[in-house]
Amino acid sequence: AAKQRTEGPVVYDAAMDKSSAKSLSLLTELRHAAERDEFRLYVQPKISLETGKVVGMESLVRWVHPERGNVFPDEFIPFAEQTGFIRILTRWVLEKSAELCRELTSRGHHLKVSVNLSTRDLLDQDLPAKFADLLTRYKLTSGSFCLEITESAIMDDPVRAQHTLERLSAMGLDLSIDDFGTGYSSLAYLKRLPVNELKIDKSFVLNMENDVGDTKIVRSTIDLGHNMGLRVVAEGIESEAVWRLLADLGCDQGQGYFMSRPIPADQLFGWLEKWRA
Ligand code: C2E
Ligand code: CA
Ligand code: CA
Ligand code: CA
């Protein structure tokens, strides 16, 4: 059976039936992980490709399992989404991200934090109220947050997703379409949704200096985004050559191992000190 990915459509998978006992125990493990405080917030800096300055960071969750070590999100986020556990996880990520933002602000860094939301989060009618509460408690402005949403998360229930996104956008939160180009890519959504940012999927970026096809796709996506008045971000920048190429194409911001791998949130301050733009 095909490997299920967070950004992929949720399809019936025969192998999953056989392993339903396994997923049930995974759900139990996830609950224990929350109780035992085994989740860790990692962040990856987001850089202006023109100036080299840090403009924000993306929150990425890790699970530090006592026996298995670092478990990557691809291994448990799909389960978390299927079972609804994702809401607990998202709450945790939002809380930690707000805490980090507060800390950054008090140290004079005004960085936007990007958080990944899943389908289930978008179907939560209380999400705007939860954000309002979070901003108040941490004394943050809505401009401190960018919400990354995949196309497939929107496609799951477009009407409700649009409703939630409009409410979040009206509050002043930035919205980003994540993994752009890999989903159903219904361009109509770009027109209808209150989007601020397009994030080009790393599959087009990783090897773009050697692949004319990738370069064409990236160039067209940047132009499309800019024509629609959106900020364009590239993920998966692993070399200076790719940074240069993207900067030449006018891509606004980027993330990637060339600048920094995702790092534990408490290491961000040290990283910011060392990063010379
Ligand atoms: P994503 O949102 O597309 O995140 C980008 C992924 O690309 C991250 O993987 C990041 O570590 C990786 N990456 C960044 N730069 C490079 C690079 O230069 N080269 C390569 N090869 N990879 C790079 P990660 O952290 O393993 O996360 C995988 C996915 O899991 C994320 O994809 C996102 O869909 C999901 N995820 C992670 N944290 C959360 C979360 O808190 N909530 C939700 N709903 N999903 C999350
Ligand atoms: Ca993302
Ligand atoms: Ca992405
Ligand atoms: Ca991805």
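The values are calculated or read from the model by the stated rules, or taken from the named source; none is laboratory data. Here the structure is a predicted model, which is why all the values come from computation and not from measurement. All Cβ positions, glycine included, derive from the backbone under ideal geometry; neighbour counts span all protein chains shown.
Some values worked out for this structure:
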quantity: Of the criteria (1) modelled with pLDDT under 95; (2) within 16 Å of ligand 2 (Cβ to nearest atom); (3) farther than 19 Å from I86 by Cβ, which one T119 fails; calculated: (3)
quantity: Count of segment 179-216 residues which are part of a loop (DSSP other than H, G, I, E, B), away from ligand 4 (no atom under 12 Å from the Cβ) and closer than 25 Å to G143 by Cα; calculated: 4
quantity: Condition met for E148 (in contact with a strand residue (DSSP E or B) (Cβ under 8 Å, 6 or more places away or on another chain) and either touching a residue at least 60 places away in the same chain (Cβ under 8 Å) or within 15 Å of ligand 1 (Cβ to nearest atom) (or both)); calculated: yes
quantity: Filtered residue count, segment 59-78, keeping only those that are surrounded by 19 or more Cβ atoms within 10 Å (Cβ to Cβ) and either polar (S, T, N, Q) or away from ligand 4 (no atom under 16 Å from the Cβ) (or both); calculated: 2
quantity: Search result, residues across segment 248-275 that are assigned to a helix (DSSP H, G or I) and closer than 14 Å to L60 by Cβ; calculated: A265, Q267, L268
quantity: S203 being small (G, A, S), surrounded by 18 or more Cβ atoms within 10 Å (Cβ to Cβ) and either away from ligand 1 (no atom under 11 Å from the Cβ) or in contact (Cβ under 8 Å) with a residue 24 or more places away in the chain (or both); calculated: no
quantity: Residue list for segment 162-191, filter: within 16 Å of ligand 3 (Cβ to nearest atom) and not small (G, A, S); calculated: D174, L175, I177, D178, D179, F180, T182, Y184
quantity: Residue that is in contact with a Phe, Trp or Tyr (Cβ under 9 Å, 6 or more places away or on another chain), of a type outside the set (A, V, I, L, M) and under 17 Å from D37 (Cβ atoms), where the choices are R91, R107, R62, R102; calculated: R62
quantity: All positions within segment 217-246 that are part of a helix (DSSP H, G or I), surrounded by fewer than 18 Cβ atoms within 10 Å (Cβ to Cβ) and of a type in the set (G, A, S); calculated: S220, A241
quantity: Matching residues, segment 136-161, being away from ligand 3 (no atom under 16 Å from the Cβ) and either surrounded by 20 or more Cβ atoms within 10 Å (Cβ to Cβ) or outside any helix (DSSP H, G or I) (or both); calculated: Y138, K139, L140, T141, S144, F145, D157, A161
quantity: Selection status of N196, polar (S, T, N, Q), away from ligand 1 (no atom under 14 Å from the Cβ) and either within 30 Å of K53 (Cα to Cα) or out of contact with any Gly (no Cβ under 6 Å at 6 or more places or on another chain) (or both); calculated: yes
quantity: Looking only at segment 165-178, and only at residues there that are of a type in the set (D, E) and in a strand (DSSP E or B), the one that is nearest to ligand 1 (Cβ to nearest atom); calculated: D178
quantity: Yes/no for F180 being touching a Gly at 6+ places or on another chain (Cβ under 9 Å), hydrophobic (A, V, I, L, M, F, W, C), within 16 Å of ligand 2 (Cβ to nearest atom) and farther than 21 Å from L117 by Cα; calculated: no
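Quick grid of which residues meet (1) within 21 Å of L190 (Cβ to Cβ); (2) of a type in the set (A, V, I, L, M); (3) touching a Gly at 6+ places or on another chain (Cβ under 9 Å):
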residue: V115; (1), (2), (3): yes, yes, no
residue: L127; (1), (2), (3): no, yes, no
residue: K139; (1), (2), (3): no, no, no
residue: S152; (1), (2), (3): yes, no, yes
residue: D157; (1), (2), (3): yes, no, no
